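The values are calculated or read from the model by the stated rules, or taken from the named source; none is laboratory data. These numbers come from a predicted model, not from an experiment. Cβ coordinates were reconstructed from backbone atoms using ideal geometry, including for glycine residues, and neighbour counts include every protein chain displayed. In case anyone asks, the SASA skips ligands and DNA or RNA and just uses the protein heavy atoms, side chains included. Shrake-Rupley method; radii C 1.70, N 1.55, O 1.52, S 1.80 Å.
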Amino acid sequence: MAVGGALFAVGLALHYILDADAIVQLAVLLPAYLIVGYDVLLKAARNISHGQVFDENFLMTVATLGAFLISALPGVTEVMFPEAVAVMLFFQIGEWFERRAVGKTRKSISDLMNIQPEVAHVLRDGSMETVDPEEVSVGDRIVVLPGEKIPLDGRVVDGTSTLDTRALTGESMPRDVFPGADVVSGTINISSKLTVEVQKEYEDSTAAKVLELVEESVSRKAPTEKFITRFARYYTPAVVGAALVIAVVPGLALGDWVTWVYRALTFLVVSCPCALVISVPLSYFCGIGAASKLGILVKGGNYLEALSKADTVVFDKTGTLTEGRFEVSRVHSLEMADEELLRTAAQAESVSNHPISKSILRTQVGGFSVSEVETAEEIPGKGVRAVIHGRTVHVGNQRLMNDVGAEYCTEEVAGTNVHVAVDGRYMGHIVVSDVVKADAEEAISALKAAGVRRTVMLSGDSARICTDVGTRLGIDDIRYELLPADKTDALERTMADCPRGSTVVYVGDGINDAPSLAMADVGIAMGGLGSDAAIEAADIVIMDDAPSKVPTCIGLSKRVNRIVVQNIVFALGVKFVLLALTLFGYTNMWVAVFGDVGVSIIAILNAMRCMNVSRYQPKEEAPAGVPSEA
């Protein structure tokens, strides 16, 4: 390309400055043309031999060879060799911009592909054996050394360390893990050796699922993208026919063949649909790449287009807007300090594996010895009974308090009341509730700011808890005590109420959400804690479970579609104006170069703006003591 460009510069000097003879110009510019455009000529010939005639390579070949031939006709005084080389050279520059844009997007997607683990160190018969991750079974224990990728999903059984999860979640903050913590494949162990018990086969692991989703996304086109492909299929033969008419009909009628053939060739260059057929798919491709940088997997450009028309967003509650784990939110004690009430309850609950019991054990203050608990037993459906320092402690629900004759508090709260009685005397209660995600309220506000008309929450939980969570978050429509079938019915009615031309988005994470995810216009699954069924059924997967990524994704999709529309209007507008001017002889080959290559480059550069995700990423805080810029 550099050699061709240098020869082209020499040819321009010969043509415009030295006014050299046509043979001299041809001796310099023909080699430049062949160096720059040989691959376009070969592609055009190869495509014609396969029956694929009307593409951009054919248009460039006909137009540039035509310019050379016209200049060689007897009686023609105007030499158009520089124009012919310029068309081919700038076409190649446009192709370079396209390759560069695609390359940048592929890099961001390949960052995801790099999550694929290469080996697993499995512990067998007391020694460590390095094997392919696909050879490891559920229940095996693997060792992950510092700097290595975690090869399979599992739970830490030994060691503490820090994980780099950026490739999967887009989250720059490292995550600390310890015995009992779940880890997913594809994240990188940063600091210390970990021993992990494998919980999923390789083909079911997070890394394998993510790679599968990325591969699927490439083949799904947006409706606009499909339309442009169909448009180009008919548009190109039409303009070739029009150019033929321009060259032949006036030539026969008026006899000035050179002028009309030149206009026909210029018409061909202007009409090349490169700007459209490149920039539209490139915009969606860049949008998918940008989403992957943010830890969002989009399974196809069609979902980006549908998401940009979101009118209503429907959320599942548990695991989507809330953490799906219980914590003590309030302690109400009557005859002992709050800490003592918590410790007493925790001692009694130490025999239970119930999630509520574990939440009290996590919260209790001061620690205790299990040896202080003389006896303890679970009472199914009611709670636990324990003897501690000779006193009988009952911890559980209202039915258990009724059994022991304790007069318990009947306060209505948003959460689960755990009552405590000692020797039949009521000591107080502990409120345990699901924790609302830190960014859930921000997500709902951002959705409304992004133009979403209505937010809905569907949950199987009780009315009191759902109303409390939904009201706090600012949800417009709160529906509760729903079975899975009720959820799909409610979603169907919501979709029926949606204005024509707009879409309904469903966000969920559990197996029971899979039907709703599949039914909605766009289904978004929480990939971190979400079930495999939900991730399979969803169109978009949020890897870090953050609800705030939903408005981020909608904002990104709207931006991508705005850029697509901009490129379509710009490309078609400029081309139709230049085609009309060409028909009446107000343009030349140089203007045609701008009409084709110039418009293509501008459209490609515009499409590359889809890759810019800085506006969607949180700004890093300056270190303490460092003043921020005004």
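Assorted remarks:
- Subset of the range 341-362 [out of contact with any strand residue (DSSP E or B) (no Cβ under 7 Å at 6 or more places or on another chain) and not in a helix (DSSP H, G or I)]: N353, H354
- Candidates are the residues of the range 41-75 that are of a type in the set (D, E, K, R) and assigned to a helix (DSSP H, G or I); the one that is least open to solvent (accessible area, probe 1.4 Å) is E56.
- Failed criterion for T162 (all others in (1) in contact with a Leu (Cβ under 9 Å, 6 or more places away or on another chain); (2) at pLDDT below 90; (3) open to solvent by less than 80 Å² (accessible area, probe 1.4 Å); (4) part of a strand (DSSP E or B) hold): (1)
- Qualifying residue in the range 298-310 (condition: in contact with a strand residue (DSSP E or B) (Cβ under 6 Å, 6 or more places away or on another chain), within 30 Å of I430 (Cβ to Cβ) and either buried (at least 24 other Cβ atoms within 10 Å of the Cβ) or small (G, A, S) (or both)): no
- Taking the criterion of being open to solvent by 70 Å² or more (accessible area, probe 1.4 Å), in contact (Cβ under 8 Å) with a residue 24 or more places away in the chain, more than 25 Å from T552 (Cβ to Cβ) and not β-branched (V, I, T), the only residue of the range 584-618 that qualifies is W590.
- Candidates Y38, Y33 - the one that is open to solvent by 70 Å² or more (accessible area, probe 1.4 Å), closer than 30 Å to T229 by Cα, of a type outside the set (A, V, I, L, M, F, W, C) and modelled with pLDDT of 85 or more: Y38
- Filtered residue count, the range 472-507, keeping only those that are farther than 16 Å from V522 by Cα and among the hydroxyl-bearing types (S, T, Y): 1
- Residues within the range 527-551 that are of a type in the set (S, T, Y) and either surrounded by 21 or more Cβ atoms within 10 Å (Cβ to Cβ) or at pLDDT 75 or above (or both), tallied: 1
So that you can scan it fast, the table gives a plain yes or no per residue for (1) farther than 30 Å from Y616 by Cα; (2) touching a His at 6+ places or on another chain (Cβ under 7 Å); (3) modelled with pLDDT under 90:
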| residue | (1), (2), (3) |
| --- | --- |
| E411 | yes, no, yes |
| D423 | yes, no, no |
| A440 | no, no, no |
| M457 | no, no, no |
| D461 | yes, no, yes |
| R464 | yes, no, yes |
| T467 | yes, no, yes |
| I478 | no, no, no |
| K487 | yes, no, yes |
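- Scanning the range 92-103 finds one or more residues that are at pLDDT below 85 and either over 30 Å from K299 (Cα atoms) or in a loop (DSSP other than H, G, I, E, B) (or both).
- Unique match (being surrounded by fewer than 21 Cβ atoms within 10 Å (Cβ to Cβ), aliphatic (A, V, I, L, M) and either in contact with a helix residue (DSSP H, G or I) (Cβ under 8 Å, 6 or more places away or on another chain) or at pLDDT 80 or above (or both)) among V270, V258, V277: V258
- Here is the figure for the range 469-492: residues that are in a helix (DSSP H, G or I) and surrounded by fewer than 19 Cβ atoms within 10 Å (Cβ to Cβ) total 8.
- Residue list for the range 331-357, filter: touching an Asp or Glu at 6+ places or on another chain (Cβ under 8 Å), modelled with pLDDT of 80 or more and open to solvent by 50 Å² or more (accessible area, probe 1.4 Å): H332
- Qualifying residues in the range 203-234 (those that are at pLDDT 80 or above and in a helix (DSSP H, G or I)) - the one least open to solvent (accessible area, probe 1.4 Å): D204
- Subset of the range 409-434 that is surrounded by fewer than 19 Cβ atoms within 10 Å (Cβ to Cβ) and more than 45 Å from the chain's Cα centre (by Cα) - its residue that is farthest from G470 (Cα to Cα): D423
- Residues in the range 596-630 that are modelled with pLDDT under 80 and part of a helix (DSSP H, G or I): D596, V597, S614, R615, Y616.
- Residues of the range 313-330 satisfying the condition of being open to solvent by less than 30 Å² (accessible area, probe 1.4 Å) and at pLDDT below 85: G319
- Every residue from the range 493-523 that is touching a strand residue (DSSP E or B) at 6+ places or on another chain (Cβ under 7 Å) and in a helix (DSSP H, G or I): T494, M495, D513, S516, L517
- Selection of the range 179-202 for residues being part of a strand (DSSP E or B) and open to solvent by 50 Å² or more (accessible area, probe 1.4 Å) yields D182, I188, E197.
- Flag for L572 being at pLDDT 85 or above and closer than 18 Å to C272 by Cα: yes
- If you filter the range 552-568 down to residues that are of a type in the set (A, V, I, L, M, F, W, C) and farther than 30 Å from A208 by Cα, you find that the one that is most open to solvent (accessible area, probe 1.4 Å) is V565.
- Among residues of the range 471-485 that are over 24 Å from D439 (Cα atoms), those with a beta-carbon under 6 Å from a residue that is polar (S, T, N, Q) and in a helix (DSSP H, G or I) at least six positions away or on a different chain give the pairs P484/N512.
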